[in-house]
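Data first, discussion second: the structure below is written as structure tokens.
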Amino acid sequence: MCENDIKGEVESAVRVSLCGPNLKGNELRYVSDAIKSQWVSNGNYITSLEKAICSYVGIKGTVACQSGTSGIHLSMIALGIREGDEVIVPTVAFIAAVNPVRYVGAYPVFMDCDNSLCMDPEKLEEFLNYECVFDGNILVNKATNRIIKAIIVVHVFGNLGNMDKILELAKLFKLKLVEDATEALGSYYVHGPLKGKYAGTMGDIGVFSFNGNKIITTGGGGAVVSNDNRLLEKIRFLSGQAKNDPLYFVHDEIGYNYRMSNIQAAIGLGQIEQIEKFIEIKNKNYEIYKKFGIELLPFNDQIRSNKWFYAHLTRKRKDLINYLLKSGVEVRPLWMLVHLQKCYCKFQSYKIEKARYFLERIVNLPCGTDLCKSSLMHVVDLLKKF
Ligand SMILES: *Cc1c(COP(=O)(O)O)cnc(C)c1O
């Protein structure tokens with residue numbers, strides 16, 4: 001087993017982690033520099049990281065923040081989503097994609113996924129056409145009589161669904177579009193009408209996460225990106241406690257302490273320098289699993305995916321998970337669907353079918369960028385013996 005895996009006394013206790021961080025570039029050097037300079041809260045690393053993200057994904061502006069969740073929260077506020085509004089969200093998502101809808105007092109409407117695990121544009125279209133009605137320029141949900149303001153899509157596991165169609169629908173129905181691209185930094189279309197477009201850059205706002213398990217990490221952190229400077233200025237303002245006068249501390253609005261620290265940004269800069277290498281490894285390991293006969297859910301063939309997470313489908317999900325965990329291999333099921341969660345089951349959901357199918361079958365296999373060949377083959381062998 002490789003040095004990164006936690007070694008046990010016996011073979012069966014050998015641990016292979018699901019998706020750990022990989023911090024072997026300039027991270028330590030940049031963090032030391034930030035500490036030596038005494039610039040730990042504000043500082044140049046924040047600006048450098050924001051610039052690096054802009055040029056990497058091809059967008060006008062970036063605001064670094066404390067987490068993906070805080071980025072989505074600020075996006076909701078900046079887009080004018082208020083108490084009593086509705087936001088269309090996916091049920092196949094980490095719950096953090098939906099919680100910010102509730103933070104602002106709005107209501108989620110849950111959509112199904114298609115085979116990409118991302119939001120099903122056909123069902124979305126059906127819902128918008130038949131379950132909603134325009135009152136002037138305002139879209140109203142017939143069942144609840146509430147105003148629908150926005151859609152949040154999640155680029156699940158680094159995949160991109162049919163964004164072309166979703167963008168068209170958002171425009172047609174005058175809805176704001178937020179891309180939860182927390183798992184998809186570096187994924188982009190290589191074919192089709194959106195060729196060259198990166199995850200996070202197609203909607204009104206895109207959000208990335210730099211949590212420890214994401215493709216790059218700052219320990220905890222995130223970033224909001226947009227081509228709309230007005231939106232970004234609002235987000236930057238709100239993330240720094242909405243300070244109208246920084247000398248006399250005048251605040252005309254209620255703000256948040258959601259700014260990223262210079263220490264976090266120093267780690268992030270060291271990380272983004274290596275992102276293409278990480279994506280290469282993710283892609284290579286994905287192919288190795290497949291070469292040895294392990295079936296994995298495909299990614300959209302119109303994109304270059306960052307292949308953040310690999311999804312293996314099995315009819316014996318629970319048995320496989322228990323077997324691999326007992327063998328020291330960290331795996332996990334798909335998140336419990338958000339519309340089935342205790343805090344969300346009372347809200348509207350629209351014809352959720354495919355999500356249930358995937359919920360019952362998906363097992364995420366080890367996919368870390370420090371996963372060595374011997375560990376990977378160990379997982380393959382275990383899967384074959386199952
Ligand atoms: C990780 C993640 C988030 C939240 O990001 P944090 O930085 O952990 O707050 C939101 N949505 C999805 C789909 C995620 O995977």
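Every read-out reported here was derived from the displayed coordinates using simple, explicitly stated rules and does not represent laboratory data. Note that the structure is predicted; figures quoted are calculated from it, not measured. Ideal geometry is used to build each Cβ from the backbone, glycine not excepted, and the neighbour counts take in all protein chains shown.
Counting 0.36 nm for each residue step from Glu122 to Gln341 and taking away their Cα separation leaves a gain of 76.4 nm. Taking every DSSP beta bridge that has both ends in the chain, the antiparallel portion is near 60%. Basic side chains Lys and Arg get +1 at the Cβ, acidic Asp and Glu get -1 at the Cβ, and with that the dipole of region 27-272 about its Cα centre reaches some 640 debye. Simple spin-label estimate for Glu280 and Glu83 gives 5.3 nm between the two label positions (7 Å along the Cα-to-Cβ direction from each Cα). Let me know the shape class of region 330-386, please: from the alpha-carbon gyration tensor, a ≥ b ≥ c as square roots of the eigenvalues, rounded when a/c is under 1.5, otherwise prolate if a/b is greater than b/c, or oblate. Because a/c hits 1.5 or more and a/b exceeds b/c, region 330-386 counts as prolate. Once you've got the GNM for the chain with C-alpha springs shorter than 10 Å, pick whichever of Asn227, Asn145, Asn262 has the biggest mean-square fluctuation. Of the options given, Asn145 has the highest mean-square fluctuation.
Figure legend: label point modelled 7 angstrom from the Cα of Ser37 along Cα→Cβ; residues of region 246-269 with amide N under 16 Å from it are 260-269. Specify whether the C-alpha gyration tensor of region 1-157 places it in the rounded, prolate or oblate class, a ≥ b ≥ c being the square roots of the eigenvalues: rounded for a/c under 1.5, otherwise prolate if a/b is larger than b/c and oblate if not. It is oblate, given that a/c is not under 1.5 and a/b is not larger than b/c. With θ taken as phi - 60° and the Karplus curve 6.51 cos²θ - 1.76 cosθ + 1.60 applied, the whole-hertz 3J(HN,Hα) list for region 301-306 is 7, 8, 10, 9, 8, 7 Hz, x standing for glycine and proline.
Here the relative contact order of region 145-200, from alpha carbon pairs under 8 Å that lie six or more residues apart, stands at 38 percent. Between Leu313 and Lys384, the modelled label-to-label distance comes to 2.4 nm, taking each label 7 Å out from Cα in the direction of the beta carbon. With helices as the sole contributors, the chain gives -10000 deg cm²/dmol at 222 nm; each DSSP H run of n ≥ 4 counts as -39500 (n - 2.57), and the sum is divided by every residue. How would you classify the chain from its alpha-carbon gyration tensor, with a ≥ b ≥ c the square roots of the eigenvalues: rounded for a/c under 1.5, else prolate if a/b is greater than b/c, otherwise oblate? The shape class here is oblate.
Computed packing ranks the peptides 69-76, 309-316 as 69-76, 309-316, most packed first, by mean other Cβ atoms within 10 Å.
The value of relative contact order for the chain, using C-alpha pairs under 8 Å at least six residues apart, is 25 percent. Scanning residues 5 or more positions from Asn213 or on other chains, none has an amide H under 5 Å from its amide H, with H placed 1.01 Å from N in the peptide plane. Compared with the alpha-carbon gap, the fully stretched path from Lys171 to Arg332 is longer by 54.3 nm at 0.36 nm per residue. Less than 5 angstrom separates the built amide H of Val140 from those of Val133, Phe134, Asp135, Ile148, all sequence-distant by 5 or more or on a different chain. Largest GNM mean-square fluctuation among Asn213, Asn244, Asn26, using the chain with Cα springs under 10 Å: Asn244. Estimated translational diffusion coefficient (Stokes-Einstein, Kirkwood radius over Cα pairs, 20 °C, 1.002 mPa s) of region 135-252: 132 µm² per second.
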